[in-house]
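In what follows, a single structure is set out as structure tokens and then discussed.
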Amino acid sequence: MKNTIANVTEYVKEEDVKFIRLAFCDVKGRIRNVSVMPDRLESAFRNGISFDGSAAGFSGAEKSDLFLFPDPDTLTLLPWRPSHGRVARLFCAIKTPEGKAFPLDSRQILKTAVEYAAQNGISCNFGTESEFYLFRLDENGERTYIPADRAGYMDVAPQDKCENIRRELCLTIEEMGLSPERSHHEEGPGQNEIDFRYSDALSSADHAVIFRNAAETIAYKNGFWASFQPKPLKEESGSGMHINVSVNSDDGRDVTESFIAGVLYRIKEMTYFLNNTEQSYQRLGKQKAPDTIAWGRENRTALIRIPAKGEEESRRFELRSADGMANIYLAYALILYAGTEGVINALPLQKESTNDLFIAREGCEKLPRSLQEAAAIALNSDFIKKHIPVEFIKI
């Protein structure tokens, strides 16, 4: 059941909520917020709360007034805040003073993409596999690049010194309504992975943003900082954010292959939005981070992998190139647009790759090799221009 303004305001009273954080994401997908007191909440729902868009990197200071309108269905308590005088969060729509949707509201861009797919008979569920490093803070609370441990893939205590933080993080985000499925130590020293259950595109994107903020908060509380950088340690494994997609059509057809074909067809144009830092391109092409435009069943060297699953999950695929610095709303939106385009045009899926694509690389089409190359491709793409404002491309 969806929340209403009335039951959100009632919940705030009953649960002794004293601060409500009105949250949104900037162009890079980083969460930002402004806090209001409970007596301002109803006005926020009706009239919005103004903020300086230029300070958030959205626009010039000469015309920067924007308004946040909370989405009542996104209410969640922040478990790490005091139980007396509690703190809650609501994600918001961003609007102009004229009441129009703000073009750089990436959450709204995803909503529009979901509607476009639905109009063409397509719906998708998304789930993420998030990798991140835990590094120590020094005696002054400043960041270092000293890993939390020297453990490796799926190691256990005492080698794995991150397990208590992963446990605390999973329990915390479960309190916030997220559904973590698996967690373990990854290949790199101090590197971790937490995977999430599927949900609709907007909920999944919100959960990815909530998770990153929670990971950073819980890590800091324990004397570490959580890095979602794609390649924080030059000689160690990079961190990705594998995106799992389950495709359904209104008429019951299995359109997954055409959907995948659409994503592969547009992947070079999309790459800037999946990998938007210089470090991203130091990760790709190494240690199971594919840079070859190919797909394969169970093949972790391919850009898109179809995992071995039971029949009920046979329509799932995994996009393996994205990393945790991506704006998740834009990433999901472009996957939906590209995949739906593939279904509309009945694109055939290219031949499956069964080789190790880190070895058999000759003659294979590759992703862009640098942030500058990816940005140039995106800027010249009619597909991107149609769906994403050019202001999102910044290097």
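The values are calculated or read from the model by the stated rules, or taken from the named source; none is laboratory data. Given the structure is predicted, the values throughout are model-derived calculations rather than measurements. Every residue, glycine as well, gets a Cβ built from its backbone with ideal geometry; the counts of neighbours run over all protein chains shown. Remember, those area values only see protein heavy atoms, side chains included, never the ligands or the DNA or RNA. Shrake-Rupley method; radii C 1.70, N 1.55, O 1.52, S 1.80 Å.
Computed quantities for the displayed model
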| read-out | value |
| --- | --- |
| Cut-off 12 Å between beta-carbons: net charge of the residues surrounding Lys2, Lys and Arg +1, Asp and Glu -1 | -2 |
| Accessible-area composition of the chain, carbon plus sulfur, in percent [1.4 Å probe] | 47 percent |
| Whole-number percent relative contact order across region 270-336, with pairs defined as alpha carbons under 8 Å at least 6 apart | 33 percent |
| Estimated distance in nm for a label pair at Ser179 and Thr112, the labels positioned 7 Å out from Cα along Cα-to-Cβ | 3.0 nm |
| For the chain: relative contact order, % (alpha-carbon pairs under 8 angstrom, 6 or more apart) | 16 percent |
| Mean accessible surface per residue for region 202-323, computed with a 1.4 Å probe while every protein chain stays in place, in Å² | 35 Å² |
| P(r) tail fraction, region 214-303 - alpha-carbon pairs more than 24 Å apart, % | 36 percent |
| Given Lys161/Lys286; Lys18/Lys111; Lys161/Lys288; Lys288/Lys386; Lys231/Lys288, the pairs whose alpha carbons are separated by over 21 Å | Lys161/Lys286; Lys18/Lys111; Lys161/Lys288; Lys288/Lys386 |
| Using alpha carbons only: equivalent-ellipsoid semi-axes of the chain, gyration tensor based, whole Å | 32, 27, 21 |
| Highest-fluctuation residue, Met241, Met37, Met325 considered, GNM on the chain with Cα pairs under 10 Å | Met37 |
| Whichever aspartates and glutamates have a C-alpha closer than 13 Å to that of Lys234, once near sequence neighbours (fewer than 8 apart) are set aside | Glu278 |
| Accessible area in the full protein assembly, largest first, 1.4 Å probe, for Glu168, Glu365 | Glu365, Glu168 |
| The chain, helix-only ellipticity at 222 nm - DSSP H runs n ≥ 4, -39,500 (n - 2.57), divided by all residues, nearest 500 | -9500 deg cm²/dmol |
| Length released on extending from Gln287 to Lys234, taking residue separation times 0.36 nm less the Cα-Cα span | 17.9 nm |
| Region 273-333: chymotrypsin sites (Phe, Trp or Tyr not before Pro) in DSSP coil with no more than 12 other Cβ atoms inside 10 Å | none |
| Filtered trypsin sites (Lys or Arg not before Pro), region 69-108: DSSP coil and at most 15 other beta carbons within 10 Å | Lys100 |
| Residue-span extension gain [Ser64 to Lys386] - 0.36 nm each, minus C-alpha spacing | 113.5 nm |
| Global geometry of region 271-395, whether rounded, prolate or oblate, following the gyration tensor of its Cα atoms and the 1.5 cut on a/c | oblate |
| Radius of gyration, Dmax [region 1-130; alpha carbons; angstrom] | 15.9, 48 |
| Mean projected area in nm² (Cα convex hull; one quarter of hull surface) for region 110-170 | 7.2 nm² |
| Theoretical FRET efficiency, 1/(1+(r/R0)^6), r = Cβ-Cβ of Ser50 and Met154, R0 56 Å, to 0.05 | 0.70 |
| Gained length - Glu15 relative to Asn164, 0.36 nm times residue gap less alpha-carbon distance | 50.8 nm |
| Qualifying trypsin sites (Lys or Arg not before Pro) for region 181-225 [loop in DSSP, other Cβ within 10 Å: at most 16] | Arg197 |
